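Step one of this worksheet: look at the structure below.
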């Protein structure tokens, strides 16, 4: 079999392991002495980091992000970060995306909208971003190793990307201890997002040998680990989910995604529903729709076999088992997330400009997309 040509880009340095976050302050200080730390809503839980950076001689400014970042949040962060040398983001995917965008726009001479895809001009950055360090506290988006930041643009009711290869982190620290005792609902939604992000790059049209190696390890690993974490807190399962999330970020940044993310982006922008929960609700139906449209697709069939093995069922019942298990563990359907028929119709139309849809294994019609979301209600 011929090996396709491919490229693979990622963070300048990736550090994985328990305890690595607490060892990071000297490395961060080497990147700059004025440090802008982006956190989640409860910044106090990161006092250990602030204190350790100050002990290294750093000036520390902090900025809290309470929700998925929008244009207003990014602009406020950029104003607060002026004069800083390095940006550190410690939090979930929303926090890391916010930090990534702030690091990118502080040195920019153009307006943020000039650089946004779909709703803006999509122009490349005219100056390199500030040095950027990412430390995820959830296992979901893999944003610590992706080259884009997803930003909500309320006036357009869309979530779109700020994207540039130079936005890849200078240092990504994946410390599974930061995810320990994450609430069950967040663990489920973020974990299903992580699993989606190793499934879609595996079946997409831009898959390559490196992303295949990552995804074929991560899919069964993630399916097993998330089931364990719904039953009990487990250190080994947390470690596995952190690795799956990392592998998903690496894979999607270097291959692509598909219909689940193609719909999840517009649905989130239209309704404000959580991204991970939308992905989890859509995942089994996205696989079923793609297989129905491309019944000879061996990649999709292989993913379904992995799901069947993980849930101890047949391939014919695998996707139903995944749906039932997710609902039994508290994942809502689209209706219960407040996603109306009108929002679903708008999202189906919006996939025409969605970057995620470009690598879906088969072209889907508007009617197929509507039916997919109808099944995920």
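The values are calculated or read from the model by the stated rules, or taken from the named source; none is laboratory data. On a predicted model such as this, the values are computed, not experimentally measured, just so you know. So basically every Cβ, Gly included, is an ideal-geometry build from the backbone, and we count neighbours across all protein chains shown.
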Is one or more of the residues making up the range 293-300 surrounded by fewer than 16 Cβ atoms within 10 Å (Cβ to Cβ) and part of a helix (DSSP H, G or I)? yes
Does the range 162-169 contain any residue that is assigned by TED's automatic domain parsing to the domain that holds residue 85, closer than 18 Å to residue 357 by Cβ, touching a residue at least 12 places away in the same chain (Cβ under 8 Å) and assigned to a strand (DSSP E or B)? yes
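Any residue in the range 323-330 that is in contact with a helix residue (DSSP H, G or I) (Cβ under 8 Å, 6 or more places away or on another chain) and assigned to a loop (DSSP other than H, G, I, E, B)?
Step one: filter the range 323-330 for residues in contact with a helix residue (DSSP H, G or I) (Cβ under 8 Å, 6 or more places away or on another chain), giving 323, 325-326, 329-330.
Pick out the ones that are also assigned to a loop (DSSP other than H, G, I, E, B) and you get 329-330.
Yes: the range 323-330 contains one or more residues that are in contact with a helix residue (DSSP H, G or I) (Cβ under 8 Å, 6 or more places away or on another chain) and assigned to a loop (DSSP other than H, G, I, E, B).
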Of everything in the range 123-147, what is out of contact with any helix residue (DSSP H, G or I) (no Cβ under 7 Å at 6 or more places or on another chain) and modelled with pLDDT under 95? Give them in sequence order. 124, 126
Among the residues of the range 34-65 satisfying the criterion of being under 24 Å from the mean Cα position of the chain (by Cα) and in a loop (DSSP other than H, G, I, E, B), which is surrounded by the most Cβ atoms within 10 Å (Cβ to Cβ)? 65
When residue 213 is evaluated against the numbered criteria (1) outside the structural domain of residue 360 (by TED's automatic domain parsing); (2) out of contact with any strand residue (DSSP E or B) (no Cβ under 8 Å at 6 or more places or on another chain); (3) in a helix (DSSP H, G or I), which criterion, by number, is the only one it fails? (1)
Based on what the data block shows, is residue 172 touching a strand residue (DSSP E or B) at 6+ places or on another chain (Cβ under 6 Å) and either in a loop (DSSP other than H, G, I, E, B) or not assigned by TED's automatic domain parsing to the domain that holds residue 358 (or both)? yes
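If you go through the range 219-236 one residue at a time, do you hit one that is closer than 21 Å to residue 161 by Cβ and surrounded by 22 or more Cβ atoms within 10 Å (Cβ to Cβ)?
no
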Those residues of the range 334-373 which are in contact with a strand residue (DSSP E or B) (Cβ under 9 Å, 6 or more places away or on another chain) and either at pLDDT 95 or above or buried (at least 20 other Cβ atoms within 10 Å of the Cβ) (or both), in sequence order: 350
The range 186-213 residues that are over 30 Å from residue 332 (Cβ atoms), paired with ones that are assigned to a helix (DSSP H, G or I) (beta carbon under 6 Å, 6 or more apart): 205/359; 206/359; 211/201; 211/251; 211/254
Quick one: would you say residue 265 is in contact with a strand residue (DSSP E or B) (Cβ under 7 Å, 6 or more places away or on another chain) and in contact (Cβ under 8 Å) with a residue 24 or more places away in the chain? yes
Is it the case, given these coordinates, that residue 177 is part of a helix (DSSP H, G or I) and either more than 16 Å from residue 117 (Cβ to Cβ) or not assigned by TED's automatic domain parsing to the domain that holds residue 125 (or both)? yes
